[in-house]
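The values are calculated or read from the model by the stated rules, or taken from the named source; none is laboratory data. Fair warning: this is a prediction, and the values are worked out from it, not measured in the lab. A quick note on method: Cβ atoms are made from the backbone with ideal geometry, for glycine too, and the neighbour counts reach across all protein chains shown. Keep in mind that these areas ignore ligands, DNA and RNA; they rest on the heavy atoms of the full protein, side chains included. Shrake-Rupley method; radii C 1.70, N 1.55, O 1.52, S 1.80 Å.
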Amino acid sequence: MNTQGQVRIETSQNIGIIHFQTEKLNVLSHALRHDLYQAIQQLLLNNEIRSIILYGGEKAFSAGADIHEFSQGIHLEFPSLHDLFDLISNASKPIVAAISGVAFGGGLELALACHHRIVHEKSQLALPEVHLGLLPGAAGTQLLPRYIGVERALNTILSGKPLKLDTLNETALIDVLTEESVLSAALAFATQSVGTVYHIKNINIESDEALLQHLENQRAQLKKHTNTVVQNAIIDAIEASIEQNFQAGFLKEQQLFKMLTESAESKSLRHAFFAEREIKNIPDLAQNIQAQPVQKVAVIGAGTMGSGIAICFLNAGFSVTLIENNQAALERGLGLIGQYFDGQISKGRLTEEKATNIQKNLSTTLDYAALSQVDLAVEAVFEDWEVKTSVLQKMDEYLPESAILASNTSTLDLNELAKVTKRPEAVVGLHFFSPAQVMPLLEIVRTELTSQQTLVTALDIGKRLRKVAVVAGVCDGFIGNRMLNEYLRIAGLLIDAGASPYQIDQALEQWGMAMGPFRMCDMAGNDIGYLIRKQQLKMNPNKKFSGIADLLVEQQRLGQKTKKGWYDYSQGNRRGDQDAEVIQLIEDYRQAQGIEAKTFSNEEIVERCIYALTNEGFRLLEEGIALRSSDIDVVYLAGYGFPRWRGGPMFYAEQQGLDVMKNRIQQFAEDLYSDASFWQIPTLLAKKVA
Ligand code: 3H9
C-alpha cells in the first residue's frame with residue numbers, strides 16, 4: 001500500500017526533508033504511516049543525512065489517527081503509530097517536526113515523538129480525543145506531562161482544546177515559534193542542531209504529594225457527573241506518567257485506549273463525527289453546480305424568529321434588510337436584535353466596536369420594494385396559509401430574477417407554497433430552530449421543484465451561517481418535528497396508561513436527553529402542541545392522543561410563560577416543581593376514561609419513547625424525506641438535545657440490534673392502551689432485519 005506519491009523526500013545539505021500531504025489533512029491512515037515509516041527508515045540508513053525534518057505542508061501537519069480504522073483494529077497494523085513512535089524516538093539522528101496548520105491527536109503525538117518542534121504561530125496543537133470518547137493513545141498522555149507539566153497536560157487532554165502557543169515558551173514542547181515559513185525555520189534549526197539526540201521519554205516525572213492530590217480532587221469532581229469513563233481513564237493514564245518509567249505508563253495508556261475504542265460511547269461519538277460531515281454530500285447533485293453569490297439578504301417578519309434569523313445573517317457578515325408591515329413590529333424586532341448584541345458585549349463575546357460594525361449592516365423598512373436589491377429573502381411571518389402565500393407572492397413580485405425565495409415555514413406544505421410563485425424552482429425551505437441565533441440546526445427543505453442551483457446555494461448559505469444544515473424533503477414537520485410529534489404522542493399515551501410525566505421526564509433525562517418531553521413542552525408552550533394536535537386530528541381523525549395535555553391547556557397551564565404547565569414554576573424554580581394538581585387531573589382523567597393505571601419501569605419508558613423516534617425515522621427514510629439514517633441522527637444531536645454519546649436515535653437502535661427493536665414494537669402494538677396503528681413495523685426495518 002502507498003499514498004501514491006504523497007510522501008516525498010528532498011535533501012538539502014545533509015538534511016533530509018520528508019514532505020507529506022494527503023487530500024484529507026494528513027490523517028495518519030495505514031497507507032500514510034507506511035510511507036512515512038519507509039521514508040524515515042531510508043533517511044536513517046543514509047550516512048549522508050545528519051538530521052530529518054517532517055513537514056506536512058501549510059494546511060495541516062496532521063489531523064490525527066484515521067478515525068475509520070479503530071472499528072476494525074487497522075490502527076494497530078504495522079506500522080502503527082506506536083511503531084512510528086519507536087522508530088522516531090529511538091533514532092540516532094535528530095528528527096524535527098515542522099508544524100503548520102493543525103496538529104491534532106495522533107498528529108500532535110507524532111510531533112511529540114520527534115526530538116524537536118518548529119511551530120507556526122497560527123497553528124493549532126490539540127489532543128481532542130476526548131470528544132471521540134478516547135484518550136490520546138500514541139504516547140500523548142505520557143509525553144505531554146513531560147513536556148508541559150502534569151496539571152497543564154491534564155487540563156489540555158480533558159478539555160480537548162488547542163494549547164495557547166504563546167504561553168509555551170518556557171517548555172520543551174516548542175523549540176521555535178515563528179510567523180515565517182516553518183520549513184525555512186526548521187532547516188535553519190536542523191543545521192544548527194546536527195548531532196544532538198535527546199528524548200524526553202527518558203526523563204521520569206518525580207512523584208509529588210500535591211500533584212497526586214490534584215488528581216484525586218479531579219476524580220472527586222467527576223463524581224458529581226454521569227458518564228465520566230473517558231475522563232477517569234484520562235486521569236488514570238496521566239497518573240501513570242508520574243513515578244513510573246515511560247514504558248510502564250505507555251502500557252497503561254494502551255490498555256485504557258483499547259478499552260475506550262471498544263466502548264459504546266466512543267463508537268457513538270465517532271459515528272457522530274462522520275455523520276456531521278456526511279450531511280453535505282447530496283447524492284443526486286450534479287458535480288459542477290456552483291452556489292450563487294449571496295451577500296444581501298432580506299428577512300421578512302421581525303418577530304422572535306425573524307429577528308433571530310436576521311442576527312444569524314448579520315453575524316455571518318451578510319447585509320440584512322428587515323421588513324415588516326408596521327412600524328411597531330419593526331421597532332420590536334430592532335429591540336430584540338439590539339438586546340442580543342448588548343448581551344454579547346456584556347458577556348465579553350463581542351467588543352462594542354465589533355457589535356456596532358456588525359449592526360451597521362442592518363437596515364429596516366416597511367416597503368417590499370427593498371427586495372429588488374437583495375440576493376435572498378427569508379420569510380418568517382405568521383404560520384398561516386393566507387399570510388405566507390401573500391408574502392411569497394410579494395417576494396416573487398419584487399425580488400430580482402436570480403434571487404432565492406426562502407421560507408421558514410415549519411408546518412405548511414412547502415410544495416404548495418412554492419407553487420403560488422412564478423418561480424417555484426427558486427423556492428427552498430430554511431427551517432431555523434428557536435432561538436435561531438443559538439440553535440445550530442438548520443433544515444434545508446427541498447420541494448419537488450427546487451432546482452439544484454437553489455439547493456447548492458442554500459447549502460452554501462448554511463455553511464456560511466455555520467449551521468449544521470441537513471437536507472430534508474417536504475412532509476408535515478420535516479425530519480425533526482415529525483419524529484418529535486410521535487415521541488410526544490407516545491409519551492402522552494404513557495401517562496394515560498399509568499406513568500407520571502415526572503417519571504417519564506426523569507427516565508429520559510437519566511438516559512441522557514437534555515430535557516424530558518414534558519419539561520420541553522412547558523418550555524415551548526403547551527398551546528403550540530395543542531394547535532399541532534388539532535391540526536393533525538383534522539388530517540387524521542383516528543390518530544390517538546392523550547387528552548390530558550389538552551386539559552392542561554384548557555386550564556391555561558401553558559407552561560413556563562404562565563408559570564404553570566406540567567410543572568409549577570411559581571416558586572421560581574426554572575426546572576419547575578412537581579404539581580399535585582396535575583397528578584390529580586391525570587387521575588381524574590384516567591377514572592373518567594375507565595383506565596386502570598399500570599406501572600412502567602424507566603427502561604420501558606425509554607424504550608417506548610426512543611423507539612417512537614426511530615420508528616418514525618424509518619418511515620422518513622422509506623419516503624425519501626431524509627437522505628440517510630445518519631442525517632436523522634445529526635438532526636437529533638444538533639436540534640433536540642439527544643445525547644451525543646448515544647450517537648442519535650437511528651444509530652442507537654442499530655447498536656441495540658434492529659431485531660430487538662422489531663420485537664419490541666411488535667409487543668407494543670399488542671398493548672391495549674398503546675397505539676397499534678403507529679407500532680406497525682416499517683417495511684425498511686423489516687427488510688433490514690430480514
Ligand atoms: C487519534 O488521533 C487517536 C490517537 O491518539 C491514537 C491512535 C492510536 N480521521 O472536518 P473536515 C476527514 S483520534 C478520519 O470537514 P475542517 C473528514 O471526515 C483523532 N477522517 O475539515 C473530512 O472527510 P470528508 C484525533 C478525518 O477543515 C475531511 O477529513 N483527531 C479525520 O472543517 C475534512 O475534514 C481529531 O479528533 C480523522 N482524524 O476541520 C481531529 N479528520 O471530506 C478530527 C478529518 O470525506 N478532525 N477527517 O467529509 C477535525 O476535528 C477536523 O477535521 C479539523 C478540520 C478541525 C481538523
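Considering Val130, Val150, Val182, the condition of being under 31 Å from the mean Cα position of the chain (by Cα), more than 16 Å from the ligand (Cβ to nearest atom), in the same structural domain as Leu28 (by TED's automatic domain parsing) and not hydroxyl-bearing (Ser, Thr, Tyr) is satisfied by Val150 alone. Can Gly559 be described as in contact with a strand residue (DSSP E or B) (Cβ under 8 Å, 6 or more places away or on another chain) and on the phi > 0 side of the Ramachandran plot? When the stated conditions are applied, Gly559 does not pass them. Of Ile234, Ile238, Ile203, Ile242, all but one fail to be within 18 Å of Cys114 (Cβ to Cβ) and either touching a residue at least 24 places away in the same chain (Cβ under 8 Å) or aromatic (Phe, Trp, Tyr) (or both); the exception is Ile203.
Per the conditions (1) over 29 Å from the mean Cα position of the chain (by Cα); (2) open to solvent by 10 Å² or more (accessible area, probe 1.4 Å); (3) closer than 28 Å to Ser193 by Cβ, the sole criterion not satisfied by Gln21 is (1).
Tell me, which residue of the stretch 611-633 that is more than 22 Å from Gln666 (Cβ to Cβ) and either small (Gly, Ala, Ser) or not assigned by TED's automatic domain parsing to the domain that holds Gln506 (or both) is surrounded by the most Cβ atoms within 10 Å (Cβ to Cβ)? For the stretch 611-633, the residue satisfying everything is Ala626. Would you mind stating whether Gly160 is within 11 Å of the ligand (Cβ to nearest atom), on the phi > 0 side of the Ramachandran plot, at pLDDT 95 or above and surrounded by fewer than 23 Cβ atoms within 10 Å (Cβ to Cβ)? Answer is yes for this residue. Within the stretch 443-467, the set of residues being farther than 15 Å from Leu627 by Cα and not in a helix (DSSP H, G or I) comprises Leu449, Thr450, Ser451, Leu465, Arg466, Lys467. Considering Lys538, Lys544, the condition of being at pLDDT below 95 and closer than 20 Å to Gly617 by Cα is satisfied by Lys544 alone. In the stretch 223-335, counting only helices (runs of 4 or more DSSP H) that sit wholly within it, the ones holding 2 or more residues that are within 16 Å of the ligand (Cβ to nearest atom) and closer than 26 Å to Ile67 by Cα span 229-240, 246-261, 264-278. Of the residues making up the stretch 39-74, just one is within 11 Å of the ligand (Cβ to nearest atom), crowded, with 18+ Cβ neighbours inside 10 Å and free of Cβ contacts under 8 Å to residues at least 40 places away in the same chain, namely Asp66.
Scanning the stretch 153-174 for residues that are outside any loop (DSSP other than H, G, I, E, B) and under 28 Å from the mean Cα position of the chain (by Cα) yields Ala153, Leu154, Asn155, Thr156, Ile157, Leu158, Ser159, Leu165.
Pairs meeting the criteria (first residue in the stretch 309-332 and farther than 27 Å from Asp460 by Cα and touching a residue at least 24 places away in the same chain (Cβ under 8 Å), second residue surrounded by 24 or more Cβ atoms within 10 Å (Cβ to Cβ) and of a type outside the set (Ser, Thr, Tyr), beta carbons under 8 Å, at least 6 apart or on different chains) are Ala329/Ala302; Leu330/Ala302; Leu330/Leu322; Arg332/Ala302.
Yes or no: the stretch 207-216 includes at least one residue that is in contact with a strand residue (DSSP E or B) (Cβ under 8 Å, 6 or more places away or on another chain), more than 17 Å from Ala139 (Cα to Cα) and surrounded by fewer than 13 Cβ atoms within 10 Å (Cβ to Cβ).
First, pick out the residues of the stretch 207-216 that are in contact with a strand residue (DSSP E or B) (Cβ under 8 Å, 6 or more places away or on another chain): 207-208, 211-212.
Among the residues that remain, those that are also more than 17 Å from Ala139 (Cα to Cα) are: 207-208, 211-212.
From what is left, the residues that are surrounded by fewer than 13 Cβ atoms within 10 Å (Cβ to Cβ) are 207-208.
Yes.
Per this entry, Val378 is not counted among residues that are touching a residue at least 40 places away in the same chain (Cβ under 8 Å), assigned to a helix (DSSP H, G or I) and crowded, with 19+ Cβ neighbours inside 10 Å.
Among the candidates Arg644, Arg664, Arg608, single out the residue that is open to solvent by 20 Å² or more (accessible area, probe 1.4 Å), in contact (Cβ under 8 Å) with a residue 60 or more places away in the chain and among the charged types (D, E, K, R). Spell out the reasoning first.
Values: Arg664 fails: in contact (Cβ under 8 Å) with a residue 60 or more places away in the chain; Arg608 fails: open to solvent by 20 Å² or more (accessible area, probe 1.4 Å).
The match here is Arg644.
The residues of the stretch 399-414 that are crowded, with 19+ Cβ neighbours inside 10 Å and in contact with a helix residue (DSSP H, G or I) (Cβ under 9 Å, 6 or more places away or on another chain), listed by number, are Leu399, Ala403, Ile404, Leu405, Ala406, Ser407, Asn408, Thr409, Ser410.
For the stretch 346-365, give me each residue that is over 13 Å from Ser319 (Cβ atoms) and open to solvent by 80 Å² or more (accessible area, probe 1.4 Å). Result: Ser346, Lys347, Arg349, Thr351, Glu352, Glu353, Lys354.
Based on what the data block shows, is Glu616 assigned to a helix (DSSP H, G or I), free of Cβ contacts under 8 Å to residues at least 12 places away in the same chain and either in contact with a Phe, Trp or Tyr (Cβ under 6 Å, 6 or more places away or on another chain) or not hydrophobic (A, V, I, L, M, F, W, C) (or both)? No: the conditions fail for Glu616. Of the residues that make up the stretch 669-682, is at least one of a type in the set (Ser, Thr, Tyr) and either under 29 Å from His131 (Cα atoms) or modelled with pLDDT of 95 or more (or both)? No, every residue in the stretch 669-682 fails to be of a type in the set (Ser, Thr, Tyr) and either under 29 Å from His131 (Cα atoms) or modelled with pLDDT of 95 or more (or both). All of (1) in contact with a helix residue (DSSP H, G or I) (Cβ under 8 Å, 6 or more places away or on another chain); (2) at pLDDT 95 or above; (3) among the basic types (Lys, Arg) hold for Lys598 with one exception: (2). Scan the stretch 13-33 and give yes if some residue there is within 16 Å of the ligand (Cβ to nearest atom), assigned to a helix (DSSP H, G or I) and in contact (Cβ under 8 Å) with a residue 40 or more places away in the chain, otherwise no. Taking every residue of the stretch 13-33 in turn, at least one turns out to be within 16 Å of the ligand (Cβ to nearest atom), assigned to a helix (DSSP H, G or I) and in contact (Cβ under 8 Å) with a residue 40 or more places away in the chain.
Just checking, which of Leu414, Leu399 is in contact with a Gly (Cβ under 7 Å, 6 or more places away or on another chain), assigned by TED's automatic domain parsing to the domain that holds Gly317 and farther than 17 Å from Ile279 by Cα?
Criteria check complete, one pass: Leu414.
Just name the residue that is most open to solvent (accessible area, probe 1.4 Å) out of those in the stretch 89-118 that are away from the ligand (no atom under 16 Å from the Cβ) and outside any loop (DSSP other than H, G, I, E, B). First the steps, then the outcome.
Taking the stretch 89-118 and keeping what is away from the ligand (no atom under 16 Å from the Cβ), we get 90-96, 98, 115-118.
With outside any loop (DSSP other than H, G, I, E, B) added as a condition, the list becomes 95-96, 98, 116-118.
Working: Ile95: 0, Val96: 0, Ala98: 0, His116: 24, Arg117: 3, Ile118: 0 Å².
That would be His116.
Is one or more of the residues making up the stretch 77-88 of a type in the set (S, T, N, Q), at pLDDT 95 or above, more than 28 Å from the chain's Cα centre (by Cα) and away from the ligand (no atom under 16 Å from the Cβ)? Within the stretch 77-88 (the criterion being of a type in the set (S, T, N, Q), at pLDDT 95 or above, more than 28 Å from the chain's Cα centre (by Cα) and away from the ligand (no atom under 16 Å from the Cβ)), the answer is no, since none of the residues qualifies.
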